[in-house]
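*Asks:* Please read through the structure below; I'll follow up with questions.
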Amino acid sequence: MPTPVKMPRLGESVAEGTIGGWLKKEGDWVERDESLAEIITDKITAEFPSPVEGRLVKILVQADETVPVGTDIALIEVEAGIEATPEPTADSAPEALNTSSVSAGNGSTAAPAPAHRREREEERQRISPLARRLAREHDLDLNAIPGTGAGGRVRKEDILAYIARRPAAPTPAFVPPAPSPAPAAPAPVAPYVSGADEEILVPNRMRLAIAEHMVRSVHTSPHATAVVEVDMTNIAKWLEKHKEEFRQRNGYSISFVPFVVKAVCAGLRQFPLLNSSWTSDNRIVIKKRINMGIAIATDEGLVVPTIYDADQYTLAGLARQIATLAQKARTNKLTLQDMQNSTFVVNNTGTFGTIISVPIINQPHAGILSMNAVVKRPVVIEDDAIAVRSMMYLCLSFDHRILDGAGSGGFLKAVRESLEGYGREIDVY
C-alpha cells in the first residue's frame with residue numbers, strides 16, 4: 001500500500017498550508033529527505049523533504065491549494081524492488097509523465113518525443129500550469145497577457161492581475177426572485193475595478209497568509225502594550241569601537257540585537273508567564289525552554305525563525321545564530337526545524353528607523369517585543385545634569401489574558417536593567 005504524505009505543521013500556531021509547487025512529478029523516484037514540494041504559510045515558504053523513500057504515485061493536493069495540517073497531500077509507493085525512473089529529457093513528452101508506467105512497477109521510461117513537439121514543450125514551459133488553468137476558466141487569450149516570471153513566464157499572479165484590470169461586466173437587468181421559504185445565498189463579492197489613477201496589486205500566497213494570521217491574532221488575544229526607554233550608551237560605544245574588529249575576527253557581524261535577545265532571555269527567566277501560551281481549554285502552559293523567534297524581513301514578507309535554547313548562548317553565540325538565520329531567510333534556505341517551536345519573539349523594527357512600534361503577537365505566544373532605533377538625544381542624568389545619550393524604546397505587546405501591567409512592567413524593568421548594566425568593557429564571549 002502506498003504511504004500517505006501529510007501536510008506538515010510549519011509552526012506551532014499554523015493550522016494550514018498551501019502547496020506552492022511540486023518539485024517532483026507523479027512517477028518520479030524520491031529519496032528520503034529529498035525536497036518533494038514547496039509549502040507556503042504565513043511564516044515561511046520552505047521546501048518540504050520527503051519523509052520516505054519511494055516512487056511518487058499520486059499527487060492529491062495541487063499547486064496553490066490550501067489544506068489543513070495533517071491532510072494527505074501525496075502517496076509514495078515504498079515497496080522493495082522498485083527502481084528509480086530516470087528524469088525525462090527536455091524532449092520528453094509532458095503527457096508521458098503520468099501514473100501508467102508507475103503501476104507496472106518496471107521502471108520503464110517514456111520514449112523521446114518527436115522533434116516537432118519541442119516547440120510545444122517550450123510554450124508549455126513559458127506558461128505555468130496554474131496560469132494555463134486560470135486562463136481556461138476565465139476564457140482568456142494567453143498571448144495578450146505579458147508574463148513577469150523568468151524569461152517572460154506567465155504566472156498565476158499575471159493572470160489575476162489581468163483579470164483585476166478588466167472592465168466589469170454590465171449589470172444585468174433586475175429580475176425579482178421567485179418566492180422561497182429559504183433565504184437566498186449571498187451574492188459573491190464583485191472584483192474591485194481600478195480607476196485611471198489606481199493600480200491593483202495581487203497579494204502573493206505568503207502575504208495573504210500573513211494577513212490571515214495577523215487578523216486571527218488580534219481576534220484571539222486581547223493585546224496590551226507597555227513601553228520603556230533604555231539607555232544604550234555603553235553598548236553603542238562598545239559597538240562603535242569593536243564592531244569591525246569583531247566582524248573580521250569571526251566572519252559575521254554583531255549589533256544591538258544580540259544584547260536585547262540576551263536581556264530578554266534573562267527577563268523571561270524572572271517572569272516565566274511571558275514564556276507561555278493560553279490553550280483552547282483555558283489553561284496556561286509555561287514553556288521551560290526559551291526558544292527565541294527572530295523576526296526577519298525578506299522580499300517576500302516577514303519570517304520568524306527560531307534560536308533554540310537562546311538563553312544558553314553568549315553574546316557572540318547569539319550574533320552567530322542571528323547572522324545564520326538572516327542569511328538563510330534571505331536566500332530561502334530556512335528549514336522546517338528553523339520555523340518551529342519558538343516561545344517568544346524579538347522584532348528589530350529599529351533597523352528601519354522607527355522610534356516606537358507596536359507589534360502584533362505571534363500566536364500562540366504570550367508576548368512579543370519590538371526594539372526600536374537607537375537615537376542620540378539630550379537626557380537628564382544624575383544631579384539633574386543634561387547629557388547626550390544613546391536611547392532606545394522597547395515596546396512589549398502581551399496577551400492580557402495571561403498577565404497584567406505588573407507582570408509586563410516587571411519584565412520590561414528587568415530587560416532595561418540588564419541592558420543598562422553593561423560597562424564600557426564588555427566580554428561578548
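The values are calculated or read from the model by the stated rules, or taken from the named source; none is laboratory data. Only a predicted model underlies this, so the values are computations on that prediction, with no experimental measurement involved. Because the Cβ atoms are built from the backbone with ideal geometry, glycine has one as well, and the counts that use them run over all protein chains shown.
*Asks:* Filter the stretch 277-305 for residues that are of a type in the set (Val, Ile, Thr) and within 21 Å of Ser408 (Cα to Cα); which is surrounded by the fewest Cβ atoms within 10 Å (Cβ to Cβ)?
*Replies:* Of everything passing the filter in the stretch 277-305, Thr279 is surrounded by the fewest Cβ atoms within 10 Å (Cβ to Cβ).
*Asks:* Look through the stretch 149-172, keep the residues that are more than 19 Å from Asp64 (Cα to Cα) and among the basic types (Lys, Arg), and return whichever of them is modelled with the lowest pLDDT.
*Replies:* Arg166
*Asks:* OK, next. Tell me which of these Pro272 doesn't satisfy, since it passes every other one: (1) under 19 Å from Gly421 (Cβ atoms); (2) without any contact (Cβ under 8 Å) to a residue 60 or more places away in the chain; (3) not hydroxyl-bearing (Ser, Thr, Tyr).
*Replies:* (1)
*Asks:* Okay, moving on. Going by what's in this entry, would Asp311 be described as in a helix (DSSP H, G or I), at pLDDT 95 or above and either under 29 Å from Ser221 (Cβ atoms) or not assigned by TED's automatic domain parsing to the domain that holds His213 (or both)?
*Replies:* When the stated conditions are applied, Asp311 passes them.
*Asks:* Name, by its number, the condition in (1) under 30 Å from Val67 (Cα atoms); (2) surrounded by fewer than 21 Cβ atoms within 10 Å (Cβ to Cβ) that does not hold for Met206.
*Replies:* Of the numbered conditions (1) under 30 Å from Val67 (Cα atoms); (2) surrounded by fewer than 21 Cβ atoms within 10 Å (Cβ to Cβ), the odd one out for Met206 is (2).
*Asks:* If you scan the stretch 319-336, which residues turn out to be surrounded by fewer than 21 Cβ atoms within 10 Å (Cβ to Cβ) and within 19 Å of Ile40 (Cβ to Cβ)?
*Replies:* Within the stretch 319-336, Lys328, Arg330, Thr331, Asn332, Lys333, Thr335, Leu336 qualify.
*Asks:* Here's a follow-up. Return yes when Tyr308 is more than 19 Å from Tyr252 (Cα to Cα), aromatic (Phe, Trp, Tyr) and surrounded by 15 or more Cβ atoms within 10 Å (Cβ to Cβ) and no when it is not.
*Replies:* Working: more than 19 Å from Tyr252 (Cα to Cα): yes; aromatic (Phe, Trp, Tyr): yes; surrounded by 15 or more Cβ atoms within 10 Å (Cβ to Cβ): yes.
It is true that Tyr308 is more than 19 Å from Tyr252 (Cα to Cα), aromatic (Phe, Trp, Tyr) and surrounded by 15 or more Cβ atoms within 10 Å (Cβ to Cβ).
*Asks:* I'd like to check which strands (runs of 3 or more DSSP E) are fully inside the stretch 13-75 and have at least 2 residues that are surrounded by 17 or more Cβ atoms within 10 Å (Cβ to Cβ) and in contact with a Phe, Trp or Tyr (Cβ under 8 Å, 6 or more places away or on another chain).
*Replies:* Once the strands (runs of 3 or more DSSP E) in the stretch 13-75 are filtered for at least 2 residues that are surrounded by 17 or more Cβ atoms within 10 Å (Cβ to Cβ) and in contact with a Phe, Trp or Tyr (Cβ under 8 Å, 6 or more places away or on another chain), what remains is 35-40, 54-59.
*Asks:* Within the stretch 249-258, is even one residue farther than 26 Å from Ala414 by Cα, more than 28 Å from the chain's Cα centre (by Cα), surrounded by fewer than 16 Cβ atoms within 10 Å (Cβ to Cβ) and not small (Gly, Ala, Ser)?
*Replies:* Yes, some residue in the stretch 249-258 is farther than 26 Å from Ala414 by Cα, more than 28 Å from the chain's Cα centre (by Cα), surrounded by fewer than 16 Cβ atoms within 10 Å (Cβ to Cβ) and not small (Gly, Ala, Ser).
Conditions tested, residue by residue: (1) assigned to a loop (DSSP other than H, G, I, E, B); (2) among the aliphatic types (A, V, I, L, M); (3) touching a residue at least 24 places away in the same chain (Cβ under 8 Å); (4) in the same structural domain as Thr279 (by TED's automatic domain parsing).
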position: Ala326; (1), (2), (3), (4): no, yes, yes, yes
position: Ala329; (1), (2), (3), (4): no, yes, yes, yes
position: Asn341; (1), (2), (3), (4): yes, no, yes, yes
position: Thr354; (1), (2), (3), (4): yes, no, no, yes
position: Pro359; (1), (2), (3), (4): yes, no, yes, yes
position: Met392; (1), (2), (3), (4): no, yes, yes, yes
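*Asks:* Check Thr279, Thr306 and return the single one that is at pLDDT below 95, in the same structural domain as Ala326 (by TED's automatic domain parsing), β-branched (Val, Ile, Thr) and farther than 19 Å from Thr351 by Cα.
*Replies:* Thr279
*Asks:* Still on this structure, I have one more. Of the residues Ile294, Ile290, Ile322, which is in a helix (DSSP H, G or I) and in contact with a helix residue (DSSP H, G or I) (Cβ under 7 Å, 6 or more places away or on another chain)?
*Replies:* Going through Ile294, Ile290, Ile322 in turn, the sole match is Ile322.
*Asks:* Could I ask something else about it? Considering the stretch 197-216 alone, what residues qualify as being assigned to a loop (DSSP other than H, G, I, E, B) and either within 16 Å of Ile39 (Cα to Cα) or of a type in the set (S, T, N, Q) (or both)?
*Replies:* Step one: of the stretch 197-216, the residues assigned to a loop (DSSP other than H, G, I, E, B) are 197-204.
Result: Asn204, single match.
*Asks:* Every residue in the stretch 396-429 that is aromatic (Phe, Trp, Tyr) and either in a helix (DSSP H, G or I) or closer than 11 Å to Ala226 by Cα (or both), please.
*Replies:* Start the filter on the stretch 396-429 by keeping residues that are aromatic (Phe, Trp, Tyr), which leaves 398, 411, 422, 429.
Listed by number, the residues that qualify are Phe398, Phe411.
*Asks:* Among the listed residues Leu274, Leu268, which satisfies the condition of being closer than 16 Å to Leu412 by Cβ, of a type in the set (A, V, I, L, M, F, W, C) and either under 24 Å from the mean Cα position of the chain (by Cα) or outside the structural domain of Thr306 (by TED's automatic domain parsing) (or both)?
*Replies:* Just a single option satisfies the conditions, and that option is Leu274.
*Asks:* Specify the residue that is surrounded by the fewest Cβ atoms within 10 Å (Cβ to Cβ); the eligible residues are those in the stretch 229-243 that are of a type outside the set (D, E, K, R) and within 17 Å of Lys262 (Cβ to Cβ). Lay out the reasoning, then the answer.
*Replies:* Step one: list which residues in the stretch 229-243 are of a type outside the set (D, E, K, R), which gives 230, 232-236, 238-239, 242.
From the residues that got through so far, the ones that are within 17 Å of Lys262 (Cβ to Cβ) too are 230, 232, 234-236, 238-239, 242.
Working: Val230: 23, Met232: 23, Asn234: 18, Ile235: 23, Ala236: 18, Trp238: 19, Leu239: 20, His242: 15.
My answer is His242.
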